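The values are calculated or read from the model by the stated rules, or taken from the named source; none is laboratory data. If you're wondering where the values come from, they're calculated on a predicted model, not measured in any experiment. Note that each Cβ is placed from the backbone with ideal geometry, even for glycine, and that neighbours are counted across all protein chains shown.
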Amino acid sequence: MRRHLLGVAALTVAVVLAIAALGELITRVSGEGGERPAAAVIAGVATPEAGEAIFWGKGKCSTCHAVGGRGGAVRGPDQGATGPLGQPIGLRAEARARERSRATGRPWTAADYLVESLLDPGAYVVAGYKNEMPNPLRPPIRLAPDEVRAAIVYLQSLGGTPDPAAIALPPGLAAQARAAAAEEWRAYVAGDAKKGERLFFDADGSAGCGRCHRVGARGGDVGPELTHIAGTRDARFIVESILEPSKVIASGYETVLIVTKDERHVTGIVRRESAAAVEVADSQGRIQRVATRDVRRRAPQAISTMPGNFGEILTVEEFHDVLAYVLALR
Amino acid sequence: MRPPARRQPRRGRCWGGAGLLALAVVLAAGAAAADAPPAIGAEYRTFYGASARLAVWVVAEIHLMLGAFVLGVPIVASILEIVGWRTGEARWDRLARELTGLLAAAFSTTAAFGGLLVFTLIGLYPRFMAFLTSVFHETYYAYALLFLAEGFTLYLYHYGWDRMRGRWKGLHVALGVLLNLWGTALMLIANAWVSWMMAPTGVERDTLRVVGTTWQAVANPLWIPLAIHRVLANVAFAGFVVGAYAAVGFLCARREAARAHYDWMGYVGNFVGLAALIPLPFAGYYLGREIYSASAVMGNNMMGGAFSWAFILQAVLIGILFVGGNYYLWIGMGRIGGAERYQPWIKYVNLVLLVSFAVWLTPRNIPLTGEEQASLGGQFHPLLKYFGLMAAKNAAVSFIILSTFFSFLLYRRGNKGRRRPFAEQGRASGLALGAGALVALAIPLWYARALLMLDPASLDLAAAQAGYFRLPAYLLLGQAALVPVSLVLTLRDRGPLAQGLVFAWTTLAAVFVLGVYGFVVMEKANPFLRHLAVAQWLMVLGCLLWNTLLDVLVFRGAAVAGAIRWGRMPARAQYTLVLLCVTIVMLMGLMGFIRSGLREDWHVYGVLQDTSPWAWTPTTAYMTRVVGAIVLGFLGLVSLVFWLAAPRAADDDGEAPA
């Protein structure tokens with residue numbers, strides 16, 4: 001009896017482990033990542049690369065459209081060279097624009113056709129396909145106007161030339177985007193200021209803000225002092241400064257690139273300067289001294305010395321903990 | 001298997017005490033770890049510093065699995081009791097009673113996990129729960145009352161078994177039916193909440209404000225499809241769990257009579273599981289279609305996006321269920337005198353099952369390296385790419401269902417000898433045959449008419465493309481025409497020929513002709529593919545219903561070619577039943593993940609966004625790890641509950657069926 005009970009238990013565990021192993025195999029074979037964010041984030045830049053991320057990610061375009069040999073969806077037209085008319089969408093849009101001109105009696109550009117295809121997909125449905133494409137501006141996809149623009153640039157790049165300037169989104173969309181941007185920012189996770197303080201001053205931690213920023217008597221002097229930052233800046237600005245430090249660089253903290261005569265590249269914020277030498281603080285708060293006579297070239301940079309990858313290296317909870325601490329600095 | 005009855009309560013108390021102690025330790029540790037002050041008005045909270053989503057996932061899944069058992073078993077028990085009542089065979093009544101004993105023990109555990117689920121949701125997702133409550137609070141009171149009614153009826157049903165015998169048996173049967181009514185009503189209310197989260201109705205499109213009534217929210221487009229899918233899944237789940245219970249009983253039984261009893265119980269469990277499993281793909285397709293209709297984004301994500309690999313895994317698990325269920329039937333034929341006549345067929349059925357599953361499992365698109373693409377000649381394999389498409393999968397699943405049904409027919413007629421002439425069977429058989437023929441006629445005729453009247457514009461197709469609707473309509477008409485033919489053949493005592501004709505036509509039309517035609521439709525009139533699949537599955541369903549009735553009537557009163565030797569089953573058959581149980585529990589966990597995960601980062605799809613740190617879609621690996629742990633936890637819990645319930649069932653220690 002005991003032998004059979006053990007046998008049943010062993011079989012049960014073996015089946016569960018086998019299925020779990022199959023799950024592991026699927027993830028490895030299919031190339032699924034670790035934690036896949038449900039929404040892809042782009043920096044508001046309409047590049048083909050950003051549009052590609054939208055097409056294959058947040059926009060969910062790839063669940064219906066393949067691009068030549070990439071993807072296997074058949075519900076919507078293939079956007080590659082194996083699609084309708086035997087042309088990729090970047091080229092095909094020209095022919096479609098001519099069709100739309102004839103049908104509507106007004107001039108259409110290829111970019112106009114692509115805008116219409118995304119924002120009013122039912123206006124023209126490719127023969128053999130059902131009018132079932134959802135409006136990507138609406139939930140649950142809910143693309144921002146910049147993301148729509150990027151997706152169109154990506155489609156232009158498929159066989160054609162990307163031309164962001166040719167994309168004319170309906171005027172209402174821009175207003176909508178501005179209104180969304182004007183909404184008051186608020187944290188969606190209640191951060192723990194105590195934990196945030198520990199993270200802020202932990203020199204070996206993933207945040208380690210205190211290496212460069214001073215709060216009261218604690219911290220470094222490379223970046224701006226933050227003792228009363230929440231009293232002078234709003235939450236949205238602080239969030240942006242953490243996640244996109246290059247967007248607005250505080251006066252006096254601009255980055256410079258120094259190229260020495262022996263081809264060394266030193267990047268950082270100038271902390272002290274004399275006739276004999278320049279002292280530059282790098283992104284880790286380390287000071288490097290360069291003799292003036294060794295400087296071959298010195299150029300201001302548009303990118304902040306502060307690392308721009310906090311969105312990736314901090315967990316959402318850690319970010320909100322740090323934020324809660326900073327927002328308490330009044 | 002069981003320890004002496006008098007020792008068990010003590011051991012049960014020990015376990016209960018140990019459990020409470022463990023819970024207290026966990027809570028104390030959690031409280032010590034949570035040094036932060038409570039977040040008043042927070043939208044999300046962590047579970048003692050751990051993921052709230054994971055906590056809710058585990059509790060909800062265990063509650064759902066217990067709920068599936070508690071809702072599925074009464075359906076089976078009630079049917080068994082009615083069979084026993086009408087046929088006068090006491091073994092059915094005994095089995096129904098034994099199942100109800102398990103049910104009574106599982107009920108309180110289900111309720112406890114239901115309460116835990118509510119508390120975790122309120123504690124960890126307060127904003128979402130406040131929103132859901134604002135829409136559904138009126139249903140909460142009905143839910144609580146129905147729960148009370150179900151509990152009361154269950155205990156009355158269970159403890160009133162002995163008192164309500166003889167002339168009171170009808171009342172007891174009515175109590176069983178009432179129990180199922182309460183249970184179904186409870187499930188419908190809970191389904192309304194979760195289906196509304198996927199397809200919210202009564203929401204203003206522009207402002208995303210809820211402006212509808214409670215009833216509008218309840219009667220959302222996924223409510224009924226989900227209910228149908230869940231009822232069938234619950235019955236299949238209950239059947240296979242009962243099968244595993246019987247398998248363990250069989251393996252541990254010391255007496256021949258007990259072995260015979262558990263063998264028969266295992267057979268009934270497997271039969272119930274397979275019988276409910278057969279229509280499940282139809283119900284799944286209906287649900288999937290409605291999900292797609294409710295949101296094309298969600299529908300596409302389900303079959304072609306982040307969840308497509310989960311569906312490959314689902315196909316593997318369903319494959320294990322069908323092949324395992326058939327394997328058990330085939331082993332079972334060894335205990336039936338006369339069944340050796342049909343053994344040669346089994347290798348062909350096996351071949352069909354394996355080939356069909358290979359097709360069903362074939363993914364359309366997998367990531368390949370440049371080197372792999374070069375050796376394959378492109379992203380897709382020149383032949384296998386076709387097996388990845390829906391047309392091939394519809395044909396494959398139809399073939400699997402027909403093959404399983406064929407296995408069952410072979411099993412049924414294993415010990416049947418010379419048939420009785422139909423004319424001797426009496427008026428009731430004639431009436432049943434006539435009524436069955438009307439149903440078998442109505443199904444294909446109804447849908448053939450619908451296809452012939454279908455407006456191509458409703459599918460965004462041109463008028464000329466209506467021609468693609470005709471072939472499936474004509475095949476449905478052909479199947480309808482076979483109904484009177486098979487009726488006449490049956491009346492003339494050529495029943496097996498009638499069955500064979502219906503079977504052959506359905507296989508040829510639904511699997512081969514429409515299977516290949518599906519590719520044509522995908523190429524030329526893609527939106528029509530969904531209607532083609534419905535035509536295929538209605539043909540299969542019609543074949544199953546009509547053929548079952550013919551089989552029952554044709555072999556009614558037939559001579560017995562050999563006895564069924566209950567209890568003469570090898571241990572591997574019992575391990576197969578355990579495998580089926582573990583697989584369906586795993587499958588239920590997987591499907592729960594898919595249904596819930598389809599909403600991605602939305603609590604209520606498109607209305608209330610999930611902005612918590614856990615709003616990401618897990619990988620298949622993560623999902624199988626979590627679901628695997630839940631399955632082990634659930635099976636451990638159920639084993640404990642069954643063990644505690646065992647003293648009552650041990651009174652008679654099982655008896656051999658007649």
Taking segment B:296-311 as the search range and keeping residues that are at pLDDT below 80 and within 12 Å of B:GLU600 (Cα to Cα), which one is nearest to the other protein chains (Cβ to nearest Cβ)? B:GLY305
Being over 30 Å from A:ALA328 (Cα atoms), at pLDDT 80 or above and more than 13 Å from chain B (Cβ to nearest Cβ) narrows A:ALA166, A:ALA174, A:ALA127 down to just A:ALA166
Restricted to segment B:244-278 and to residues being surrounded by 21 or more Cβ atoms within 10 Å (Cβ to Cβ) and farther than 14 Å from B:MET569 by Cβ, the residue farthest from the other protein chains (Cβ to nearest Cβ) is B:ILE278
Residues of segment B:191-230 being assigned to a helix (DSSP H, G or I), under 24 Å from B:ASN180 (Cβ atoms) and without any contact (Cβ under 8 Å) to a residue 40 or more places away in the chain, in sequence order, are B:ASN191, B:SER195, B:TRP215, B:TRP223, B:ILE224
For segment B:257-340, which fully contained helices (runs of 4 or more DSSP H) count at least 2 residues that are in contact (Cβ under 8 Å) with a residue 24 or more places away in the chain and under 16 Å from the mean Cα position of the chain (by Cα)? B:280-294, B:308-332
Take the residues in segment A:249-278 that are in contact with a Ser or Thr (Cβ under 7 Å, 6 or more places away or on another chain) and not in a strand (DSSP E or B), then tell me which one is surrounded by the fewest Cβ atoms within 10 Å (Cβ to Cβ). A:ALA275
Got a number for residues in segment B:500-528 being within 14 Å of another protein chain (Cβ to nearest Cβ) and part of a helix (DSSP H, G or I)? 10
Per-region count, segment A:86-126, residues of a type in the set (A, V, I, L, M, F, W, C), in contact (Cβ under 8 Å) with a residue 12 or more places away in the chain and closer than 20 Å to A:CYS61 by Cα: 10
Spot the failing condition for B:TYR140; the list is (1) aromatic (Phe, Trp, Tyr); (2) farther than 30 Å from B:ALA615 by Cα; (3) surrounded by fewer than 17 Cβ atoms within 10 Å (Cβ to Cβ), and only one is missed. (2)
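One line per residue, one yes/no per condition, for (1) at pLDDT below 80; (2) in a loop (DSSP other than H, G, I, E, B); (3) more than 7 Å from chain B (Cβ to nearest Cβ); (4) in contact with a Leu (Cβ under 9 Å, 6 or more places away or on another chain):
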| position | (1), (2), (3), (4) |
| --- | --- |
| A:THR27 | no, no, no, no |
| A:GLU32 | yes, yes, no, no |
| A:ALA40 | yes, yes, yes, no |
| A:GLY44 | yes, yes, yes, no |
| A:ALA50 | no, no, yes, no |
| A:ILE54 | no, no, yes, yes |
| A:SER62 | no, no, yes, no |
| A:GLY72 | yes, yes, no, no |
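Report whether or not A:SER241 is assigned to a loop (DSSP other than H, G, I, E, B), closer than 22 Å to A:THR315 by Cα, out of contact with any Pro (no Cβ under 8 Å at 6 or more places or on another chain) and of a type in the set (S, T, N, Q).
Working: assigned to a loop (DSSP other than H, G, I, E, B): no; closer than 22 Å to A:THR315 by Cα: yes; out of contact with any Pro (no Cβ under 8 Å at 6 or more places or on another chain): yes; of a type in the set (S, T, N, Q): yes.
Considered against the rule, which asks whether it is assigned to a loop (DSSP other than H, G, I, E, B), closer than 22 Å to A:THR315 by Cα, out of contact with any Pro (no Cβ under 8 Å at 6 or more places or on another chain) and of a type in the set (S, T, N, Q), A:SER241 comes out as no.
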Pick from segment B:604-627 the residues that are buried (at least 22 other Cβ atoms within 10 Å of the Cβ) and in a helix (DSSP H, G or I): which of them is farthest from the other protein chains (Cβ to nearest Cβ)? B:VAL627
Here are the criteria: (1) within 14 Å of another protein chain (Cβ to nearest Cβ); (2) modelled with pLDDT under 95; (3) under 21 Å from the mean Cα position of the chain (by Cα). Tell me which single one B:GLY592 does not satisfy. (1)
Quick check on segment A:81-93. Is at least one of its residues part of a helix (DSSP H, G or I), away from chain B (no Cβ under 14 Å) and among the β-branched types (Val, Ile, Thr)? yes
Within the bounds of segment B:446-455, is there any residue that is part of a helix (DSSP H, G or I) and under 28 Å from B:ALA558 (Cα atoms)? no
Of the conditions (1) touching a helix residue (DSSP H, G or I) at 6+ places or on another chain (Cβ under 6 Å); (2) over 21 Å from B:GLN536 (Cβ atoms), B:PRO456 fails just one. Which one is it? (2)
Sort out which residues of segment B:451-462 are in contact (Cβ under 8 Å) with a residue 40 or more places away in the chain and within 25 Å of B:TRP505 (Cα to Cα), and write them in order of number. B:LEU451, B:LEU454
Any chance B:LEU175 is touching a Phe, Trp or Tyr at 6+ places or on another chain (Cβ under 8 Å), hydrophobic (A, V, I, L, M, F, W, C) and free of Cβ contacts under 8 Å to residues at least 24 places away in the same chain: yes
Looking at segment B:318-339, is at least one residue modelled with pLDDT of 85 or more, over 18 Å from B:LEU277 (Cα atoms) and of a type in the set (Lys, Arg)? yes
